[in-house]
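Structure record follows, encoded as structure tokens.
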Amino acid sequence: MSDQVPATFDDFLRGVWRENPVVVQMLGLCPTLAVTNSVANGLAMAMATAFVLLGSNLLVSSLKKWIPHEVRITSYVLIIATFVTIADMLLEAAVPVVHKQLGPFVALIVVNCIILGRAEAFASRQSVKRSLLDALGTAAGFTLVLVLLSAVRELLGTGALLGIDLLGPRFEPWVIMVLPPGGFLTLGVVMLVLGWHAKRSTGRANGEGAA
């Protein structure tokens with residue numbers, strides 16, 4: 001693809017839905033499964049990832065003409081690591097409790113395939129404007145999935161959301177939902193529903209075409 005291709009809203013929408021990094025491309029599953037036991041943790045990880053994604057895409061796209069092809073991956077990792085360090089320090093200063101709960105997963109954003117993949121496959125070949133739209137869409141798609149999984153797991157696992165009791169004292173928390181198996185279970189259900197919806201939409205489109 002050429003830098004001459006104009007930026008469009010499709011650059012944003014692609015990452016939100018058609019190429020969602022988690023439920024379509026199956027990337028970034030480690031933090032997705034590990035930190036979505038509460039909405040606060042999911043949002044913090046999503047915001048940190050979005051910050052790194054936007055910053056790295058911006059810098060890679062801006063400097064692509066001056067980065068030698070032979071050392072491009074190393075350069076991308078250094079750029080990403082710089083923004084991860086900044087994000088880690090900001091989280092520790094702003095929300096120390098959440099930062100402690102996230103543990104090593106903030107630092108592991110450096111090796112998140114979502115960010116390195118967008119830098120290599122898109123930002124290194126496209127204009128700054130398209131790269132920013134791509135980063136925003138990918139970040140929005142990642143955030144959407146993390147918040148959805150976090151809300152389901154926290155609500156069923158504790159009966160509350162962000163510390164607000166919603167299901168009442170009679171509700172018996174599903175402890176498994178805030179444990180690692182709960183992450184796999186919730187993600188599996190979400191992907192099952194999305195697969196069913198996609199298959200149904202395809203069948204309906206084929207039926208209308210045949211008619």
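Values as computed for the structure displayed
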item: Residues that are within 23 Å of G188 (Cα to Cα) and either part of a helix (DSSP H, G or I) or in contact (Cβ under 8 Å) with a residue 60 or more places away in the chain (or both), drawn from region 152-172; result: V152, R153, E154, L155, L156, G157, T158, L161
item: Output for region 62-93, where each listed residue is acidic (D, E) and surrounded by 13 or more Cβ atoms within 10 Å (Cβ to Cβ); result: D88, E92
item: Residue within region 99-118 that is touching a Phe, Trp or Tyr at 6+ places or on another chain (Cβ under 7 Å) and without any contact (Cβ under 8 Å) to a residue 40 or more places away in the chain present; result: no
item: Answer from S131, S150 - the residue that is within 22 Å of M45 (Cα to Cα), touching a Gly at 6+ places or on another chain (Cβ under 9 Å) and hydroxyl-bearing (S, T, Y); result: S150
item: Residue match in region 114-137 (condition: buried (at least 18 other Cβ atoms within 10 Å of the Cβ), farther than 22 Å from E19 by Cβ and charged (D, E, K, R)); result: no
item: Residue match in region 49-61 (condition: of a type in the set (S, T, Y), closer than 13 Å to G141 by Cα and either touching a strand residue (DSSP E or B) at 6+ places or on another chain (Cβ under 8 Å) or buried (at least 16 other Cβ atoms within 10 Å of the Cβ) (or both)); result: yes
item: Subset of region 89-114 [farther than 22 Å from L27 by Cα and outside any helix (DSSP H, G or I)]; result: V95
item: Condition met for I73 (under 22 Å from E19 (Cβ atoms), over 15 Å from the mean Cα position of the chain (by Cα) and of a type in the set (V, I, T)); result: yes
item: Any helices (runs of 4 or more DSSP H) falling wholly within region 7-88 and containing at least 3 residues that are within 30 Å of I176 (Cβ to Cβ); result: 29-34, 39-63
item: Unmet criterion (only one of (1) under 30 Å from W66 (Cβ atoms); (2) assigned to a helix (DSSP H, G or I)) for R125; result: (2)
item: Single residue of P96, P104, P31 found to be crowded, with 17+ Cβ neighbours inside 10 Å, within 29 Å of A160 (Cβ to Cβ) and of a type outside the set (G, A, S); result: P31
item: Condition met for K64 (more than 25 Å from S150 (Cβ to Cβ) and modelled with pLDDT under 95); result: yes
item: Long-range neighbours under 6 Å by Cβ, at least six apart or interchain, first residue in contact (Cβ under 8 Å) with a residue 12 or more places away in the chain within region 57-70, second of a type in the set (A, V, I, L, M, F, W, C) and crowded, with 17+ Cβ neighbours inside 10 Å; result: N57/A123; N57/A135; L59/I79; V60/A119; V60/A123; S61/A123; S61/V128; S62/V128
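The values are calculated or read from the model by the stated rules, or taken from the named source; none is laboratory data. Just so you know, these numbers come straight off a predicted model, no measurement behind them. Note that each Cβ is placed from the backbone with ideal geometry, even for glycine, and that neighbours are counted across all protein chains shown.
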